[in-house]
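Remarks on the structure that follows.
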Amino acid sequence: MAVEGSKQRRVSAPPRSLNVQKFAESRAAELETLHSIVANRSNNDFRSRRNKRRRTTSHDNRVAKNRHRKRRKLGEGVVRLGDDVAPAKRQGEKVPRRVRRRIELKKNPESGYSTSGDGTKRLRTHVWHAKRFTMTKQWGFHLPLVLQGRGRGSRALLKRFRDGVLMHDASYYGAIQLEGPESSLLQVLSTVLVFSQPSDSEHISHLVLSGAIYGSAMLHHPGAPFSPAVAPVTYMWRPFQRQDVVDADYHSADGYNGRQGIEGSSFRQLLVWIHASAFSEAYDALKLASQKQMDETGSLINCISLQGKLAKLEIMGSKSFQLLQKILHPVTSIADNSGQLRKCSHMGSDAKTSFKKISILENQHHTPSSITSLTVIDPRALSEEKVEHVPKVDSTSNLGNTREGEKLSASGGIPSENTELLSSSLLEPEEGSALSDSMDLWDASKGFLPPVEDNVLCIAKHQQKLDFFCLGNTNLGKQNASIGGHFCGFCPILLANDSNKRGSIIRWSIILPLSWVKVFWVPLISGGAHAIGSTEKHWIAHEAGLPYFPSGFPDCNAYSSFMANKAAASDEKMELRPPAMRPVRIPIPPPWETVLCSLEKESSRVEDAETLSKEQCSINVVNENSCKKLDCQRSDVLALGHHGFMSDGFVARTSNMLRHFLGEIRGDHLLLFPKSDLPDLKNSIDKFMKDDERLSRTPKGVTTLTNGGGRLCFLRVILHAYKGGVFEEGAVVCAPRYTDIKSWISRLSINREELQIPQSSVGSYFEQQPSGKWELQIPEDPIVKELHRWPLGFVTSGVVRGSKKPSAEAVCEATLLAGLREEQWNAMPVKRRRKEIYVLVRNLRSTAYRLALATIVLEQNKEDLEFL
């Protein structure tokens with residue numbers, strides 16, 4: 001029986017070549033039988049049905065001949081896509097632009113961006129986006145703005161965000177690497193960054209400094225407190241490589257903890273990620289701070305720009321983690337959440353390689369801001385059976401759940417032991433190279449091996465299919481795969497969990513070499529991710545309750561340049577329309593300095609109400625050097641506007657900044673309640689607004705405000721419409737009178753009278769002067785003047801249509817908000833008082849005021865440093 005079994009297993013392999021004519025002759029009887037069966041079923045009518053016919057020109061090759069003849073006139077020969085150089089030219093003949101551009105876009109250099117004729121940089125996914133998106137030139141890049149069309153689709157996009165996966169190519173972000181002694185780097189960061197202060201700041205600082213998580217901060221120019229802001233940044237330390245570092249001691253430096261002793265002066269590396277609009281300004285600020293530190297201590301600090309070497313892909317949505325589990329197939333884990341080297345579970349090894357293939361994303365819970373360093377397999381090298389859409393699971397399930405991982409493993413989302421790689425020869429590293437040396441993303445200055453080219457990979461795929469059918473030459477695939485230079489089948493990445501603690505957004509970032517962006521882009525799209533542009537990312541940020549840079553940061557120079565370009569585009573679009581059909585001209589950006597008029601109006605009102613001369617003399621809200629004392633009874637134009645944000649104003653991003661400002665102006669009595677972790681202040685706002693005796697002891701108005709160096713403090717607020725209304729970007733937020741609030745709340749449904757200004761006042765509320773500045777104009781007509789409301793701030797992000805919680809984001813002056821809250825609490829009974837502040841919002845091209853409730857962000861959170 002054993003002999004018979006062995007004979008049965010000896011089955012002859014199919015021939016390597018097949019003669020079709022001899023094969024048909026040997027199977028003639030079978031073919032005739034099949035033909036007769038088909039003829040009987042079709043009644044010997046082998047013509048295609050008339051309703052299935054299509055009008056085509058495939059039979060006519062004249063079009064192709066003319067096109068080929070035209071190309072031969074323009075350039076000699078046919079250029080293949082895989083060519084890296086232009087074909088040989090005839091004497092005095094230039095290669096066509098189509099050919100040159102095709103070759104340029106085909107290249108995938110190790111670092112740097114390809115540029116257009118005017119020097120504008122292109123992303124590595126430029127061709128993919130240009131076919132589908134409306135492209136725009138911003139911040140020196142060709143960036144996708146929104147999908148082709150009218151620029152709408154927010155409702156469908158938010159549904160994808162809640163139930164699917166979205167992806168954005170953030171390769172325009174730049175990284176700056178700081179190298180030097182740890183103590184010196186901490187001193188540099190303390191001079192330019194405003195850190196967050198969580199409740200467990202010592203533990204969080206320990207994790208940040210060890211490289212387990214990254215931190216968020218606001219970058220400022222080096223100098224005194226409240227120096228001009230540059231941009232929000234994220235920074236991450238390179239993990240320690242020794243076990244004894246975990247048990248090191250800590251010391252505190254300006255609220256930031258670091259290691260002391262030997263580790264305090266050890267050589268460290270730090271990455272700072274900055275938006276492209278503020279990259280140059282941020283690099284100069286960090287360079288200046290590093291130079292000052294070197295002059296003081298004599299230690300060497302390197303400030304290196306990694307723009308054009310590292311890239312970032314942002315993946316967001318409820319099913320983003322499932323997609324990462326499908327696409328990222330690590331072979332080793334360099335560092336986990338504790339910053340230490342950990343063991344990898346063995347999945348199978350090749351005889352020619354010694355790398356361990358693991359499933360790092362299975363059964364592991366990733367905390368927000370965590371960083372995981374991985375070396376993953378080229379996703380193109382996996383078999384096509386593994387490239388499938390994200391399985392539908394419950395969107396409320398937690399990331400890294402054990403049951404969720406088992407479902408994904410069973411459905412093919414996570415590679416099992418039987419995972420087949422496309423070509424193991426493409427994944428083999430070069431002889432004499434070590435994975436730990438060549439696969440470290442922190443050594444970006446040394447360069448990275450580029451991925452395998454697409455044409456080489458296609459040859460390998462074709463050869464593998466031939467080998468499966470036992471056809472062709474078995475040695476041909478390895479010969480073709482080995483030509484063309486040095487490639488690598490593994491990619492080092494940093495996987496960062498960008499989900500916020502409140503759970504309003506699930507977001508991940510893949511930091512990888514720039515030359516590997518296209519390698520991961522197509523598999524992620526094929527796996528179910530939906531690409532988005534800059535406008536669509538702004539919608540997502542608003543839905544998550546996060547400010548979007550730079551439009552949500554009016555105190556940065558990047559905001560001024562962004563709004564200036566937006567104003568130029570708006571003016572150009574308006575010039576194309578006939579004069580009779582042009583809309584009312586509105587200020588872009590909003591004239592922020594007009595808020596000074598409201599402060600002067602409030603101080604004049606308090607001055608008239610006070611009877612004591614001492615209190616009258618103490619009223620001095622506005623710096624005399626920045627704004628002269630104005631007579632609010634005059635109808636003259638108040639010339640206070642200029643392009644961009646106020647030169648002497650800032651936006652408080654942390655509770656400590658707000659407390660420091662209130663201490664400077666001696667405004668501790670103001671009804672502002674920055675969130676604190678102290679138990680006696682946790683619910684102070686609830687207790688305070690219900691205590692009439694305590695409220696009556698509070699000084700009235702802004703009488704105790706002194707000149708805090710001529711600076712004004714602004715706060716980010718969330719606006720919710722009281723009874724309907726859609727607030728647009730740039731809308732003015734005004735201070736209501738108590739009669740406005742009372743009539744709006746108590747009016748009957750049949751009464752539709754609303755607070756409106758005349759149509760003639762829409763264009764004259766802000767008027768542009770010949771110098772280009774926008775100025776606030778107070779009406780002279782008593783009736784129109786009675787309808788005038790003073791501005792508190794402006795809307796920075798309008799309502800996104802399709803959102804389940806429609807709201808708008810605005811930036812308003814802090815002391816005016818406190819004065820409004822005091823006035824409303826004193827006028828309302830205790831039961832009707834609210835934490836929110838009643839404000840009026842009017843779109844700049846509208847006549848109607850809408851009542852809204854303003855929620856101060858710093859009263860809900862300790863810091864407002866998260867952004868998108």
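The values are calculated or read from the model by the stated rules, or taken from the named source; none is laboratory data. Quick caveat, the model's predicted, so the values are computed rather than measured. Every residue, glycine as well, gets a Cβ built from its backbone with ideal geometry; the counts of neighbours run over all protein chains shown. Remember, those area values only see protein heavy atoms, side chains included, never the ligands or the DNA or RNA. Shrake-Rupley method; radii C 1.70, N 1.55, O 1.52, S 1.80 Å.
What the table shows:
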{"item": "Residues that are out of contact with any Asp or Glu (no Cβ under 8 Å at 6 or more places or on another chain) and in a loop (DSSP other than H, G, I, E, B), drawn from the stretch 791-804", "result": "801, 802, 804"}
{"item": "Failed condition for residue 623, given (1) at pLDDT 55 or above; (2) not in a helix (DSSP H, G or I)", "result": "(1)"}
{"item": "Matching residues, the stretch 281-307, being among the polar types (S, T, N, Q) and over 11 Å from residue 176 (Cβ atoms)", "result": "291, 293, 297, 299"}
{"item": "Criterion: touching an Asp or Glu at 6+ places or on another chain (Cβ under 7 Å), assigned to a helix (DSSP H, G or I) and either at pLDDT below 90 or open to solvent by 10 Å² or more (accessible area, probe 1.4 Å) (or both) - qualifying residue of 190, 199", "result": "190"}
{"item": "Yes/no for residue 527 being touching a Pro at 6+ places or on another chain (Cβ under 6 Å), at pLDDT 90 or above and more than 27 Å from residue 649 (Cα to Cα)", "result": "no"}
{"item": "Any hit, the stretch 340-357, residues being at pLDDT below 85 and closer than 23 Å to residue 267 by Cβ", "result": "yes"}
{"item": "Failed item, numbered, when residue 175 is tested on (1) modelled with pLDDT of 90 or more; (2) in a helix (DSSP H, G or I)", "result": "(2)"}
{"item": "Subset of the stretch 501-518 (residues that are part of a helix (DSSP H, G or I) and open to solvent by less than 10 Å² (accessible area, probe 1.4 Å))", "result": "514, 515, 516, 517"}
{"item": "Residue among 832, 850 that is charged (D, E, K, R), farther than 24 Å from residue 650 by Cβ and surrounded by 17 or more Cβ atoms within 10 Å (Cβ to Cβ)", "result": "850"}
{"item": "Pick from the stretch 126-145, criterion over 16 Å from the mean Cα position of the chain (by Cα) and of a type in the set (A, V, I, L, M, F, W, C), ranking: least open to solvent (accessible area, probe 1.4 Å)", "result": "133"}
{"item": "Filter result for residue 315 (under 30 Å from residue 503 (Cβ atoms) and open to solvent by less than 20 Å² (accessible area, probe 1.4 Å))", "result": "yes"}
{"item": "Count of residues meeting criterion [at pLDDT below 80 and not hydroxyl-bearing (Ser, Thr, Tyr)] in the stretch 212-256", "result": "18"}
{"item": "Any hit, the stretch 111-119, residues being open to solvent by less than 50 Å² (accessible area, probe 1.4 Å), out of contact with any strand residue (DSSP E or B) (no Cβ under 7 Å at 6 or more places or on another chain) and over 30 Å from residue 297 (Cα atoms)", "result": "yes"}
{"item": "Residues satisfying the stated conditions in the stretch 126-138, i.e. aliphatic (A, V, I, L, M) and assigned to a strand (DSSP E or B)", "result": "135"}
{"item": "Near pairs, Cβ below 6 angstrom, 6+ apart or cross-chain, from the stretch 102-125 (in a loop (DSSP other than H, G, I, E, B)) to any residue that is open to solvent by 30 Å² or more (accessible area, probe 1.4 Å) and of a type in the set (Ser, Thr, Tyr)", "result": "none"}
